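The values are calculated or read from the model by the stated rules, or taken from the named source; none is laboratory data. This is a predicted model, so every value here is computed, not measured. Neighbour counts are summed over all protein chains in view; Cβ atoms, including those assigned to glycine, are modelled from backbone coordinates with ideal geometry. Keep in mind that these areas ignore ligands, DNA and RNA; they rest on the heavy atoms of the full protein, side chains included. Shrake-Rupley method; radii C 1.70, N 1.55, O 1.52, S 1.80 Å.
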Amino acid sequence: MRSLPPSVREKAIEIANSLLASESSDKQKVISTSITEARVWARQRFIESRNTAVS
């Protein structure tokens, strides 16, 4: 997670904590899933910001 930008890392940690609280899953799987979901979140946020700037 250290290689992630701060906002994406923060979101990944938020997602990981949520997953760990809701299910007792493998920690490595939780970390992988949270990083993937945080990257998707960041891409969507970037696209939305570009669309707002163009409008």
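Computed quantities for the displayed model
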| item | result |
| --- | --- |
| Backbone HN-Hα couplings from phi across the stretch 28-38 [Karplus 6.51/-1.76/1.60, Hz, Gly and Pro as x] | 5, 5, 4, 5, 4, 5, 5, 5, 4, 5, 5 |
| Residue-wise HN-Hα coupling along the stretch 9-17, computed from phi with Karplus coefficients 6.51, -1.76, 1.60 (Hz; x: Gly, Pro) | 4, 4, 5, 4, 5, 4, 5, 4, 4 |
| Loop GluC sites (Glu not before Pro), the chain, which have at most 16 other Cβ atoms in a 10 Å radius of their Cβ (DSSP) | Glu23 |
| Charge dipole (debye, nearest 20) of the chain; +1 at Cβ of Lys and Arg, -1 at Cβ of Asp and Glu | 240 debye |
| Share of carbon and sulfur in the accessible heavy-atom surface of the chain [1.4 Å probe, %] | 52 percent |
| Heavy-atom accessible area per residue - the chain, 1.4 Å, Å² | 80 Å² |
| Positive-end residue of Ser49, Thr33, Ser22, charge dipole of the chain with Cβ unit charges | Ser49 |
| Matching label, Kirkwood radius over Cα pairs in Å computed from the structure shown, candidates [x] 11.2; [y] 11.9; [z] 13.2 | [y] |
